[in-house]
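These notes concern the structure reproduced below.
The values are calculated or read from the model by the stated rules, or taken from the named source; none is laboratory data. As the structure is a prediction and not an experimental result, all values here were calculated from the model. Cβ atoms come from the backbone with ideal geometry, glycine included; neighbour counts cover every protein chain shown.
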Amino acid sequence: MSLYCGTICRRKSFWWYRLLSTYVNKTRYLFELKEDDEACRKARQTGVFYLFHDLAPLLQTSGRQYLVPRLSQAELERLLGKFGQDSQRIEDSVLIGCSNQHEAWFALDLEPEVEAELGGSFISLRRALSQLSSMDSSLLFTARALLRWQDGHQFCSRSGQPTKKNVAGSKRVCPSNNIIYYPQMAPVVITLVTDGARCLLARQSSFPKGMYSALAGFCDIGESVEEAIRREVAEEVGLEVENLQYSTSQHWPFPNSSLMIACHATAKPGQTEIQVNPRELEAAAWFSLDEVAAALMRKGSFIQQQSDALPLLLPPKLAVAHHMIKTWVETQTCSSLAA
């Protein structure tokens, strides 16, 4: 028995070593592409490109899902030539990742006339969220964020001179003073507040009709995550919270690139009367487990639900707020069954 167990343990250790090795190799390959312009140009020759126009990805319809077409560099060069565009446009592409086999992935923003040629359409990424796979959405999130950052950092904030992009698009350099600019994300706390039996959800006027979500706000300079949560909850709904617990995080590209830091918190005893700050929110309310569970069970895409006369709509499944709310429902349900 001990010999058998020892063999199993060695096999498991070898499997984990292989998994870690793949990740490390992939990570270091991407690092090389970001730091070595010639290596990145070489990778483009065997890589693939995802196309955008005005930050909207090119998508193809397949039933109720969207497919994301990918072009090789040779196919992209032929496409550019057909529409009378210089193949040098490829230099504007940005590196967005790679496969475990080191196939590099790039994104490039082009003119809209290529749609018909490729049998797809440039569709708002926010609109397409419910019909994309999690892998595709994560990749397109990265692409949109990098393309937007590149477009907004064409000039040095100190010298006013044009900055120069490296081949991967992972940084821009001001030739006049050698200042290096790197893409950044703004930290945002998103908090699901509960009182034990209910969760607090809120909505802004910009939300689709009927949609409520967790409280969220940008971290101020000098704040810790805990301080930002307490301040945001106090500002938006007039409550004090305790028992703060980190849950997970997510990159979110709308409207700018943000790092969503998801946490759970409970309202202090006796702190359940909501006082909505109209400068921050349109409405906020406590919702019961049954109400939220029913909202999670509704079928159909998020876009389709917007026009339905439903009492409560939740953020799309790809949003971290959806997962926070789902986790709360599952925890509450398990606690009820255990009791």
Practice problem: Scan Q275, Q245, Q250 and give me the residue that is more than 12 Å from L215 (Cα to Cα) and in contact (Cβ under 8 Å) with a residue 60 or more places away in the chain. | Solution: Q250
Quiz prompt | Hits in segment 185-202 - residues which are in a loop (DSSP other than H, G, I, E, B) and over 21 Å from the mean Cα position of the chain (by Cα) | solution = D195, G196, A197
Exercise. Filter segment 108-135 down to the residues that are over 24 Å from S170 (Cα atoms) and hydrophobic (A, V, I, L, M, F, W, C), then identify the one that is farthest from the chain's Cα centre (by Cα).
Key: A116
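Looking only at helices (runs of 4 or more DSSP H) that lie completely in segment 80-184, which have at least 2 residues being at negative phi and aromatic (F, W, Y)?
On the way: elements: 114-118, 125-128, 134-152.
Passing ranges, in order: 134-152.
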Exercise. State whether the residues of segment 163-174 include one that is at pLDDT 95 or above, touching an Asp or Glu at 6+ places or on another chain (Cβ under 7 Å), closer than 30 Å to A43 by Cβ and outside the structural domain of A283 (by TED's automatic domain parsing).
Key: yes
Quiz item: If S205 satisfies every condition in (1) part of a loop (DSSP other than H, G, I, E, B); (2) touching a Cys at 6+ places or on another chain (Cβ under 7 Å) but one, which is the exception?
Solution: (2)
Practice problem: Consider only pairs whose beta carbons are under 8 Å apart and that are at least six residues apart or on different chains; among these, list those whose first residue lies in segment 196-212 and is more than 18 Å from E291 (Cα to Cα) and whose second residue is charged (D, E, K, R). | Solution: Q204/E280; Q204/E282; S205/E282; F207/E282
Quiz item: For segment 196-238, which residues satisfy the criterion of being buried (at least 17 other Cβ atoms within 10 Å of the Cβ), within 19 Å of W328 (Cβ to Cβ) and modelled with pLDDT under 95?
Solution: M211
Self-check item: Residue among A262, A267 that alone is hydrophobic (A, V, I, L, M, F, W, C), within 17 Å of H322 (Cβ to Cβ) and crowded, with 21+ Cβ neighbours inside 10 Å
Solution: A262
Practice problem: Within segment 253-272, track down each residue that is among the small types (G, A, S) and in contact (Cβ under 8 Å) with a residue 12 or more places away in the chain. | Solution: S257, S258, A262, A265, A267
